[in-house]
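Visitor: Handing you a structure now.
FYI, it's all coordinate maths here, none of it is from the lab. What you see is a predicted model, and the numbers here were worked out from it, not measured in a lab. Neighbour counts run over all protein chains shown; Cβ positions are idealised from the backbone, glycine included.
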Amino acid sequence: MHLRLLILLLLSLIFAGQAFAEPFVDVFGGWSKARATDSSASRQTCFILGCTGTAGTTQHQSFSSGAVAGMRGGYWFKTHPWFGLAGDFTYYRTASTQVSLDSFALAATPMLRLPLWTTTDLLQGRLQPYVGAGPTLVMHSVKANFRPTAPVEVSGWSMGVGWTVRAGLAVSMTEHVAVFGEWRLSQDRVALRDTGFLGAGDQERLDMTQTVQQYLFGLSYRF
């Protein structure tokens, strides 16, 4: 359901250009902090006749802060200038002593803004507080090593669909240029699965829920 909504919002963003008045492009960076959570991992080696060396563990993870960078594009509607659609690509890193994630997120977001301090040169306001929420497709590059607590070491890719909410404030410097600060909260499921080759070889899995707060600063260009 979340994936279908993400695709629908992205298609609306691409094909509905004639209905928009104010396209924009943003670049941003900042830092992120993931909420502590439990992770479960297992590893075994399988052959035609069965599996050996099965090991599993569940560990509590506390994460350090990580870097965030990305870009966003979108439009504000001509008929309703307080409403818009945006799509963004974000990279962020999450790491604890046992688990590290390099995450690549693609989000489609309906957005609302409130024009404040309007002038004849800045009809949409010098100050623009805004909010948004929508689905997010996330690819995680996962590396985890639970030794010596447990004989489990896994690595690979996980893909999931989650959600992101955001709130921010844009300050217009000129008619076309603005700076902004933004807070985000996102959540998705990390579910790494490596079943080996045709069910044989090393089989690995890792499960955890990732909840991340991000604090961003960026530059916006309005066309």
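Visitor: For THR136, enumerate residues with amide H under 5 Å from its amide H, sequence gap 5+ or separate chain, H modeled in the peptide plane.
Guide: Amide H to amide H, under 5 Å and 5 or more residues apart or across chains, THR136 pairs with GLY162, TRP163, THR164.
Visitor: Looking at the chain as a GNM with Cα springs under 10 Å, which of LEU106, LEU85, LEU122 has the largest mean-square fluctuation?
Guide: Of LEU106, LEU85, LEU122, the Gaussian network model singles out LEU122 as fluctuating most.
Visitor: Have a look at ALA178, ALA150, THR118 and report the one farthest towards the positive end of the charge dipole of the range 104-223, computed about the Cα centre with Cβ charges (Lys/Arg +1, Asp/Glu -1).
Guide: Value computed over the given set: THR118.
Visitor: Next question. Starting from the Cα gyration tensor of the range 132-175, multiply each eigenvalue by 5, take the square root, and state the resulting semi-axes largest first in whole Å.
Guide: So the three semi-axes of the range 132-175 are 38, 14, 10 Å.
Visitor: Sticking with this structure for a sec: How large is Rg/Rh for the chain, to two decimals, with Cα atoms and a Kirkwood Rh?
Guide: A ratio of 1.10.
Visitor: Over the range 25-114, what per residue volume does the convex hull of the Cα atoms give, in whole Å³?
Guide: Looking at the range 25-114, the number lands at 153 Å³ per residue.
Visitor: So what are the ³J(HN,Hα) numbers for the range 134-146, from phi and the Karplus equation (6.51, -1.76, 1.60; θ = phi - 60°), rounded to whole Hz, Gly and Pro as x?
Guide: Those phi angles translate into x, x, 9, 9, 10, 10, 10, 8, 10, 9, 9, 9, 9 Hz.
Visitor: Given C-alpha coordinates of the range 112-219, what is the ratio Rg to Rh with the Kirkwood estimate of Rh?
Guide: Answer for the range 112-219: 1.24.
Visitor: Just how far, in whole angstrom, is the range 143-221 from the range 71-129 if you go by their alpha carbon centroids?
Guide: Here the two parts' Cα centres lie 18 Å apart.
Visitor: Can you sort CYS46, CYS51 by how many other beta carbons sit within 10 Å, fewest first?
Guide: Listing CYS46, CYS51 from fewest to most nearby Cβ atoms yields CYS51, CYS46.
Visitor: Something else about it: With each run of n ≥ 4 DSSP H residues scored as -39500 (n - 2.57), what mean residue ellipticity at 222 nm is computed for the chain after dividing by its residue count and rounding to the nearest 500 deg cm²/dmol?
Guide: -2000 deg cm²/dmol
Visitor: Helix 2-15 versus the longest principal axis of the chain: what is the Cα-based angle in degrees, 0 to 90, to the nearest 10?
Guide: Around 40 degrees separate the two axes.
Visitor: Let me ask something else. Got a sec to turn the phi values of the range 184-194 into Karplus ³J(HN,Hα) couplings, 6.51 cos²θ - 1.76 cosθ + 1.60 with θ = phi - 60°, whole Hz, x for Gly and Pro?
Guide: 10, 10, 9, 8, 7, 9, 8, 9, 7, 9, 10
Visitor: By count of other Cβ within 10 Å, fewest leading, how are HIS140, HIS60 ordered?
Guide: Lowest count first: HIS60, HIS140.
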